[in-house]
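Participant: Just passing along the structure, written as structure tokens.
Just so it is clear, none of the values below were taken in a lab; they were calculated from the coordinates. Being a predicted model, the structure only gives us computed values, none of them experimental. Cβ atoms come from the backbone with ideal geometry, glycine included; neighbour counts cover every protein chain shown.
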């Protein structure tokens, strides 16, 4: 309607990539950024296409091949550095294929929770907690749960978020508190140029919380809300590694150093 041609532009919001692009444009406008956005048309394959075309593949297609342990057919579909990281993770057994790796833990959490506890999870509204409680008591797999509860009102993405909130113990109050504060910046890796940028950003804005060492940050930070958010991050890492085929170790946030290129 805004562009005065509904028939031509009606499908713009039907593409997830377009929705994300519009959110970026809104954010740039909101902060009056000088960044000039450039649209790049997606070619050869669609967002959820499972078939490859001229060595182009969607992320959905690549994930499906990973789930089937078909790494040999992925190499030509990815940048060499990305494939090497993926291959090494498979070799070490340090990877999680999908949310189903945590279905026992998720159902344990939901069955342990009261209906009021479930109602206090982010994204749960309009009595959805009752359906979640009933279905979690009768389902044994994530796929069965999703197919039973999914409707147009409750998308699979939203439902997966709710399942992860239950697993990680994230509440609506945690979400509200996160909106009240300036979040920290968690640095996982950098090259020499990145190190220069982080130093420059830190000098120009002393109020930013930039974490390069979790232990140092916890020892020196007095903010209760920031520490609560960081503890959720640490807990999420500890839970995530439970899905590894090998070496399901905890405390990786303390023991893994920054990745320096």
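Participant: Once you have a ≥ b ≥ c as the square roots of the Cα gyration tensor eigenvalues for the chain, tell me rounded if a/c is under 1.5, and otherwise prolate or oblate according to whether a/b is larger than b/c.
Facilitator: rounded
Participant: May I ask you to sort 148, 157, 241 by Cβ crowding, counting other Cβ atoms within 10 Å and putting the fewest first?
Facilitator: By the 10 Å Cβ count, ascending, the order reads 157, 148, 241.
Participant: I want to check the label-to-label distance for residue 157 and residue 188. Put each point 7 Å from Cα in the C-beta direction and report it in nm to one decimal.
Facilitator: According to this spin-label approximation, the distance is 1.9 nm.
Participant: With each label point set 7 Å from Cα along the Cα-Cβ vector, what nm distance links residue 32 and residue 177?
Facilitator: So the two model labels end up 3.4 nm from each other.
Participant: Assuming 0.36 nm per residue, please report the length gained on full extension of the stretch residue 96 to residue 232 beyond their Cα-Cα distance. Show your work: numbers first, answer last.
Facilitator: Working: separation 136, 0.36 × 136 = 48.96 nm, distance 1.90 nm.
Full extension from residue 96 to residue 232 adds 47.1 nm.
Participant: OK, next. Can you tell me how much longer the chain between residue 108 and residue 7 gets when fully stretched, taken as 0.36 nm per residue apart minus their C-alpha distance, in nm with one decimal?
Facilitator: Between residue 108 and residue 7, full extension yields 31.5 nm more.
Participant: How high is the relative contact order of the chain? Use alpha-carbon pairs under 8 Å, at least six apart in sequence, and give a whole percent. The partial results should precede the final answer.
Facilitator: Numbers: 219 pairs, mean separation 39.6, N = 261.
Taking the mean separation of contacting Cα pairs over the length of the chain, I get 15 percent.
Participant: Just to be sure I understand the model, the point goes 7 Å from the Cα along the line to the Cβ. What's the resulting residue 18 to residue 134 distance in nm?
Facilitator: It works out to 3.7 nm between the two label points.
Participant: Right, here's the next one. What is the packing order of peptides 113-125, 161-173, 30-42, taking the mean over residues of other C-beta atoms within 10 Å and listing the highest first?
Facilitator: The packing order, highest mean first, is 161-173, 113-125, 30-42.
Participant: Only Cα pairs under 8 Å and at least 6 apart count here; give the relative contact order of the stretch 50-91 as a rounded whole percent.
Facilitator: It rounds to 28 percent for the stretch 50-91.
Participant: Please compute the contact order of the stretch 181-260 in relative form: average sequence separation of alpha-carbon pairs under 8 Å and at least six residues apart, divided by the residue count, as a percent.
Facilitator: 37 percent
Participant: If you don't mind, another one. At R0 = 45 Å, how high is the FRET efficiency between residue 51 and residue 206 if r is their beta carbon distance? Nearest 0.05 is fine.
Facilitator: 0.30
Participant: Further question on the same structure: Over the chain, with a Gaussian network built from C-alpha contacts below 10 Å, which listed residue (130, 54, 88) shows the highest mean-square fluctuation?
Facilitator: Ranking 130, 54, 88 by mean-square fluctuation puts 54 first.
Participant: Apply 1/(1 + (r/R0)^6) to the Cβ-Cβ distance of residue 150 and residue 40, taking R0 = 45 Å, and write down the FRET efficiency to the nearest 0.05.
Facilitator: About 0.90, to the nearest 0.05.
Participant: Calculate the length of the line joining the C-alpha centroid of the stretch 121-177 to that of the stretch 100-116, in whole Å.
Facilitator: Result: 10 Å between the Cα centres.
Participant: How do 5, 233 line up, fewest other C-beta atoms within 10 Å first? Don't jump to the answer; show the numbers that get you there.
Facilitator: Details: 5 9, 233 15.
The order, fewest Cβ neighbours first, is 5, 233.
Participant: Starting with the highest mean, order 216-224, 135-143 by the number of other Cβ atoms within 10 Å, averaged over the residues of each peptide.
Facilitator: Values: 216-224: 11.3, 135-143: 14.4.
Highest to lowest by the protection proxy: 135-143, 216-224.
Participant: Per DSSP H run of at least 4 residues, take -39500 (n - 2.57); add these up for the chain, divide by its residues and hand me the 222 nm value, nearest 500 deg cm²/dmol. All intermediate terms of the calculation are to be shown ahead of the outcome.
Facilitator: Working: 14 runs with 137 residues, N = 261.
That comes out to -15500 deg cm²/dmol.
Participant: Moving on to the next point. Sorted from fewest to most neighbouring beta carbons within 10 Å, what does the list 198, 106 look like?
Facilitator: So the residues, fewest neighbours to most, are 198, 106.
Participant: How many angstrom separate the Cα center of the stretch 182-209 from the Cα center of the stretch 1-34?
Facilitator: Using only Cα atoms, the two centres lie 30 Å from each other.
Participant: At a Förster radius of 45 Å, what calculated FRET efficiency corresponds to the Cβ-Cβ distance of residue 197 and residue 60, to the nearest 0.05?
Facilitator: Using R0 = 45 Å, I get an efficiency of 0.90.
Participant: What is the stretch 181-260 by shape, rounded, prolate or oblate, if you read a ≥ b ≥ c off the alpha carbon gyration tensor as root eigenvalues and call it rounded for a/c under 1.5, prolate for a/b larger than b/c, and oblate otherwise?
Facilitator: oblate
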